[in-house]
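K.L.:
Sending over a structure as structure tokens; questions will come in a sec.
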Amino acid sequence: MRLLAPLIAAAVFSTALFAQTATDAIAPEAGTSTTVAATSPEIAAALEAKAAGKPVEAENWMVAAANPLAVSAGARVLRDGGTAADAMVAVQAVLGLVEPQSSGLGGGAFLVWYDGASGVLTTLDGRETAPLAATPKLFLDDTGQPLEFFDAVVGGLSVGTPGTPRLMEMAQKRWGKSDWSGLFDEAIALAENGFAVSPRLAELVAGDAERLSRFPATAAYFLPDGNPIAAGDTLMNTAYAATLQAIAEGGADAFYYGPVAEDIVATLAGAAGNPGLLAPIDLATYRVVERDPACVTYRAHEVCGMGPPSSGALTVGQILGMLRDTDLAALGPGSAEAWRRIGDASRLAFADRGRYMADSDFVPMPAGLTADGYLAERAQLLDTDKALEDVEPGNPDWDHAMLWGDDQSIEFPSTSHISIVDSYGNALSMTTTIENGFGSRLMTGGGFLLNNELTDFSFATHEDGRPIANRVEPGKRPRSSMAPSIVLKDGKPVLVVGSPGGSRIIGYVAQAIIAHLDWGMDVQQTVAMGHALNRFGTFDLEAGTTAEALAPALEALGYEVSIGERNSGLHAIAIGDGLSGGADPRREGIALGG
């Protein structure tokens with residue numbers, strides 16, 4: 001298998017820049033700069049393993065995330081006796097600084113937690129909510145037609161109430177051992193002293209310069225003197241450091257009340273041409289919701305993740321459930337027949353997703369979406385020798401009847417994923433986002449970007465006279481594809497995994513689980529494997545990988561094929577006799593363990 005050599009080379013170069021700002025001891029001493037000439041030995045070793053296509057091995061703890069500086073911050077916490085929840089706070093605080101296009105304080109997240117002491121699995125919903133002033137017609141123009149996507153995204157209209165700060169606090173209060181305020185030390189030091197801009201961040205800023213230039217505060221940060229920041233530039237963000245210091249001292253309340261909250265509301269109200277509806281009451285009343293995990297059985301394992309408002313775990317679960325009777329191990333990863341079944345199972349699951357899945361606090365969900373009988377019935381549709389010609393939503397069991405139209409939302413890839421296992425046997429899988437790259441493009445006075453999460457709702461309210469389940473409603477959480485997952489065997493975690501990637505997240509995560517459980521790939525092979533995805537009929541194959549070689553055979557089976565970049569950001573940890581971590585070579589992240 002080709003391991004995406006050009007992408008790995010780019011990731012190695014990117015991480016070398018980051019490593020220059022990491023100290024040998026991982027944590028900076030008080031009052032010292034984090035900029036040093038030497039690369040951290042731990043980061044260098046992780047880079048070497050990633051470049052060689054090998055997993056990182058450890059005995060006690062491990063963290064895998066999208067940026068070496070963020071991973072270093074989490075590693076320090078774990079080494080000092082902190083839990084996975086403590087480390088997550090440190091990792092997220094740094095990610096919001098060095099990878100602002102993907103996640104941060106102005107966004108939301110889903111968290112899946114396995115408790116090593118009790119064996120209990122918990123999921124926390126930190127998804128953004130629609131303002132109380134929002135209506136189902138939020139993204140319709142004066143003639144009742146849906147807005148163009150970026151006309152809705154850029155500015156205040158798309159911004160939902162952020163959930164990430166409250167989620168960080170809730171998880172740390174429940175499962176943390178470390179001092180809360182100390183978890184922000186690395187992020188504050190990097191923000192004050194500066195960090196090296198990565199090639200990925202520089203490339204994305206240059207590619208989005210026109211939208212980033214529309215708002216003065218955003219332009220001043222990303223386009224100083226009118227020019228995009230460049231790879232290797234030192235970027236400081238003292239406003240972000242001040243926000244983190246306020247949260248370190250006052251908890252999440254320092255974000256949802258007072259000057260930070262007032263600035264968020266003012267930023268949205270003052271967004272020229274596209275002001276937002278978010279009000280102080282939306283911030284003050286925001287709550288993280290604990291929900292039941294969504295789990296399915298697959299190959300003597302339980303695959304568990306976040307239920308609605310995420311469609312991730314349900315759709316991944318449906319795909320895997322329809323494949324239970326297919327011997328994928330015998331077929332192998334190079335088999336077009338294996339991919340035909342995986343692809344059409346995905347199409348069937350996406351049809352149900354588009355019809356039924358939304359925020360279950362607002363929309364009654366079918367009781368039988370992942371029921372064994374229903375998935376077995378749907379799996380019978382796979383018993384053909386060609387691609388399915390027509391794919392329609394199924395008819396799962398309902399507690400009571402509802403008739404919905406098919407969703408018409410758009411999801412573009414951004415987002416980030418964090419996987420952590422600590423020395424206490426706890427495991428954390430968290431996918432975190434501001435939705436589109438750079439979110440709404442609105443930078444607050446607090447030094448962080450605001451999300452555009454409301455554009456994950458369907459812009460249309462009805463389809464053929466039927467209401468759409470994922471339409472906008474006040475206080476509602478938009479449907480998501482984020483699929484942070486923990487795979488268990490005999491009640492113990494064996495794989496922690498997740499990815500960014502918009503609606504392709506579902507395929508990335510399902511494929512990773514199949515690669516690991518059916519095809520016996522180690523975690524680095526799993527996250528580096530070429531992608532073959534099918535959501536709506538076209539097979540998306542990743543250029544420059546073994547997946548591209550499937551094109552002729554899949555076309556012969558009746559599929560339209562699209563070959564191009566498939567930019568996942570998988571981070572995975574396998575748990576066995578020890579710990580084994582993998583970081584997606586398409587992104588800048590690493591895995592570190594001890």
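The values are calculated or read from the model by the stated rules, or taken from the named source; none is laboratory data. Nothing here was measured: the structure is a model prediction, and the numbers come from that model. Backbone-built Cβ (ideal geometry, glycine too); neighbour counts: all protein chains shown.
K.L.:
Looking at this structure, is residue 563 of a type in the set (A, V, I, L, M) and surrounded by fewer than 24 Cβ atoms within 10 Å (Cβ to Cβ)?
P.N.:
Numbers: of a type in the set (A, V, I, L, M): yes; surrounded by fewer than 24 Cβ atoms within 10 Å (Cβ to Cβ): yes.
For residue 563, the condition - of a type in the set (A, V, I, L, M) and surrounded by fewer than 24 Cβ atoms within 10 Å (Cβ to Cβ) - is met.
K.L.:
Given the residues 166, 174, which is the only one that is among the basic types (Lys, Arg), touching a residue at least 40 places away in the same chain (Cβ under 8 Å) and buried (at least 17 other Cβ atoms within 10 Å of the Cβ)?
P.N.:
Values: 174 fails: buried (at least 17 other Cβ atoms within 10 Å of the Cβ).
Matching residue, one of 166, 174: 166.
K.L.:
Do any residues in the range 60-77 that are under 21 Å from residue 567 (Cβ atoms) and in contact (Cβ under 8 Å) with a residue 60 or more places away in the chain have Cβ atoms under 7 Å from those of residues that are among the hydroxyl-bearing types (Ser, Thr, Tyr) and in a helix (DSSP H, G or I), where the two are at least six apart or on different chains, and which pairs are they?
P.N.:
68/15
K.L.:
Quick test of your reading of the structure: residue 492 fulfils all but one of (1) at pLDDT below 95; (2) within 30 Å of residue 176 (Cα to Cα); (3) surrounded by fewer than 21 Cβ atoms within 10 Å (Cβ to Cβ); (4) of a type in the set (D, E, K, R). Name the failing condition by number.
P.N.:
Tallying (1) at pLDDT below 95; (2) within 30 Å of residue 176 (Cα to Cα); (3) surrounded by fewer than 21 Cβ atoms within 10 Å (Cβ to Cβ); (4) of a type in the set (D, E, K, R), residue 492 fails exactly one: (1).
K.L.:
Another question, then. Going through the range 309-344 one residue at a time, which ones are within 18 Å of residue 294 (Cα to Cα) and either part of a helix (DSSP H, G or I) or free of Cβ contacts under 8 Å to residues at least 60 places away in the same chain (or both)?
P.N.:
Our first condition is that a residue be within 18 Å of residue 294 (Cα to Cα); within the range 309-344, this holds for 309-324.
The answer is 312, 313, 314, 315, 316, 317, 318, 319, 320, 321, 322, 324.
K.L.:
Could you say which residue among 52, 65, 73, 109 is under 14 Å from residue 592 (Cα atoms) and out of contact with any His (no Cβ under 8 Å at 6 or more places or on another chain)?
P.N.:
Answer to the selection: 73.
K.L.:
Hey, another quick one. Regarding residue 518, is this residue over 21 Å from residue 347 (Cβ atoms) and acidic (Asp, Glu)?
P.N.:
Working: over 21 Å from residue 347 (Cβ atoms): no; acidic (Asp, Glu): yes.
No; evaluated as a whole, the condition is false for this residue.
K.L.:
If residue 221 satisfies every condition in (1) out of contact with any helix residue (DSSP H, G or I) (no Cβ under 7 Å at 6 or more places or on another chain); (2) aromatic (Phe, Trp, Tyr); (3) more than 26 Å from residue 154 (Cβ to Cβ) but one, which is the exception?
P.N.:
Tallying (1) out of contact with any helix residue (DSSP H, G or I) (no Cβ under 7 Å at 6 or more places or on another chain); (2) aromatic (Phe, Trp, Tyr); (3) more than 26 Å from residue 154 (Cβ to Cβ), residue 221 fails exactly one: (3).
K.L.:
Another one. Restricting attention to the range 207-255, and to residues there that are touching a strand residue (DSSP E or B) at 6+ places or on another chain (Cβ under 7 Å), in a helix (DSSP H, G or I) and hydroxyl-bearing (Ser, Thr, Tyr), which single residue is farthest from residue 438 (Cα to Cα)?
P.N.:
221
K.L.:
May I ask you to verify whether residue 566 is basic (Lys, Arg), assigned to a loop (DSSP other than H, G, I, E, B) and over 26 Å from residue 348 (Cβ atoms)?
P.N.:
So residue 566 does not fit the description; no.
K.L.:
Would you mind telling me which numbered condition in (1) assigned to a loop (DSSP other than H, G, I, E, B); (2) modelled with pLDDT of 90 or more residue 380 fails?
P.N.:
Status for residue 380: all satisfied but (1).
K.L.:
Go through (1) at pLDDT below 95; (2) over 28 Å from residue 82 (Cα atoms); (3) of a type outside the set (Phe, Trp, Tyr); (4) part of a loop (DSSP other than H, G, I, E, B) one by one and return the number of the condition residue 587 breaks.
P.N.:
(2)
Okay, residues lined up against (1) modelled with pLDDT of 95 or more; (2) touching a helix residue (DSSP H, G or I) at 6+ places or on another chain (Cβ under 6 Å):
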site	(1), (2)
233	yes, no
259	yes, no
264	yes, no
273	no, no
277	yes, no
288	yes, yes
296	yes, yes
306	yes, yes
